[in-house]
Amino acid sequence: MSASEPSAAESEDAGHPGARGAGRTPLVAGNWKMYKTEAQAESYIQGLLPRLSSVERVDVAICVPFTDLRAMVDSTRGSRVEVFAQNMHEEAEGAFTGEISAPMLSEIDVYGVVLGHSERRALFGETDRALAQKVPAALAAGLTPILCVGETEEERDGGDTERKLRHQVHEDLAAVAPGDLQRVVIAYEPIWAIGTGRVATPEQAQEAIAFIRALLSDRSVAPAGDPEIAARVRILYGGSVKPENAQELLALPDVDGALVGGASLAPESFAAIVAAAEKALA
Ligand code: PGA
């Protein structure tokens, strides 16, 4: 990063256990979706934390339902697990019944937020136009956004994967201030691989993620487009990641971690994926 002043959130990041200069610390994030009451979340975290005690080089996150946030923030304090929400509204406050804002999340020490998950896009009308506001709103509140992008099976079969990824990256990051891009995490999740057991091949994952990284270095696509900044953005793979396939995926040169759905719901399998990420670094 060159001239721009580090923001408050960037200074905070510098103190985060996993941060390591210009390198990209791998991130393994578990997306619980609409699973786990607070009592179930507590019992999960008591099972997870001891299993992570020897993890040193991988950042770990759990993306939990709103009602679990405060309990998980309290229970993970002092550990390497960061707590993320799964959605937020783009405005800081207002007459938006049922919505939650970025300042509400950051006030209770939530670390970040998943934005644009394909389930939100497909089932709840999430639009690229809203995401273009949500990403900078999250950053402004000091949250780390995990922005999800990815193509449908039809788009892949029709040779439209790159067009779709270019469109999503271009639209969703359009209002990110220069200097903030490296605080965004991107998750490449081919929609046909989510919850289906059909994981992308290593070649497919590497190719799509390298393409996203190339988009980030292009000023006409990403606001702060610059190869040096693009090289610092963490890009995760998501879609049917399991303990059995994690190491191969996470060893790919451009893959900086995983967004894990189903296999994150049990502490044993989630910890095994974190361990695979550590191994892949070796
Ligand atoms: P999956 O979900 O690991 O169950 O395929 C991934 C996701 O939705 O983020």
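The values are calculated or read from the model by the stated rules, or taken from the named source; none is laboratory data. Note that the coordinates shown come from a computational prediction; the quantities given were computed from them, not determined experimentally. Heads up, the Cβs are rebuilt from the backbone with ideal geometry, glycines too, and the neighbour counts pull from every protein chain shown. For the accessible areas, the whole protein counts, side chains as well, though only heavy atoms, and no ligand, DNA or RNA atoms are used. Shrake-Rupley method; radii C 1.70, N 1.55, O 1.52, S 1.80 Å.
Some points to look at:
- Options Leu215, Leu252; residue that is away from the ligand (no atom under 14 Å from the Cβ), of a type in the set (A, V, I, L, M, F, W, C) and either in contact with a Cys (Cβ under 7 Å, 6 or more places away or on another chain) or in a helix (DSSP H, G or I) (or both): Leu215
- Each residue in the stretch 44-53 was checked for being over 12 Å from Met72 (Cα atoms) and open to solvent by 90 Å² or more (accessible area, probe 1.4 Å), and 2 pass.
- A single entry from Ala39, Ala19 fulfils the requirement of being modelled with pLDDT under 95 and open to solvent by 10 Å² or more (accessible area, probe 1.4 Å): Ala19.
- Asp218 at pLDDT below 95, among the acidic types (Asp, Glu) and within 16 Å of the chain's Cα centre (by Cα): no
- Restricting the stretch 195-212 to residues that are part of a loop (DSSP other than H, G, I, E, B) and aliphatic (A, V, I, L, M), the residue that is most open to solvent (accessible area, probe 1.4 Å): Val199
- Positions within the stretch 85-122 being within 17 Å of the chain's Cα centre (by Cα) and among the aromatic types (Phe, Trp, Tyr), in sequence order: Tyr111
- Within the stretch 255-268, tally of residues that are in a helix (DSSP H, G or I) and farther than 21 Å from Cys148 by Cβ: 2
- Residue that is out of contact with any Asp or Glu (no Cβ under 8 Å at 6 or more places or on another chain) and on the phi > 0 side of the Ramachandran plot, where the choices are Ser264, Ser240, Ser220, Ser269: Ser240
- Residue count for the stretch 157-194 under the criterion of being over 17 Å from the mean Cα position of the chain (by Cα) and assigned to a loop (DSSP other than H, G, I, E, B): the result is 8.
- Count - residues of the stretch 104-143 that are of a type in the set (Val, Ile, Thr), more than 16 Å from the ligand (Cβ to nearest atom) and within 24 Å of Val60 (Cβ to Cβ): 3
- Summed over the stretch 180-194, residues that are within 21 Å of Gly142 (Cα to Cα) and open to solvent by 10 Å² or more (accessible area, probe 1.4 Å) total 3.
Residue-by-condition table, conditions (1) touching a helix residue (DSSP H, G or I) at 6+ places or on another chain (Cβ under 7 Å); (2) open to solvent by less than 40 Å² (accessible area, probe 1.4 Å):
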site	(1), (2)
Leu215	yes, yes
Ala231	no, no
Arg234	no, no
Ser240	yes, yes
Val260	yes, yes
Glu278	no, yes
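- Ile273 being open to solvent by 10 Å² or more (accessible area, probe 1.4 Å), within 14 Å of the ligand (Cβ to nearest atom) and of a type outside the set (Gly, Ala, Ser): no
- Some residue of the stretch 141-152 being open to solvent by 50 Å² or more (accessible area, probe 1.4 Å) and of a type outside the set (S, T, N, Q): no
- Failed item, numbered, when Leu131 is tested on (1) surrounded by fewer than 23 Cβ atoms within 10 Å (Cβ to Cβ); (2) over 20 Å from Val255 (Cβ atoms): (1)
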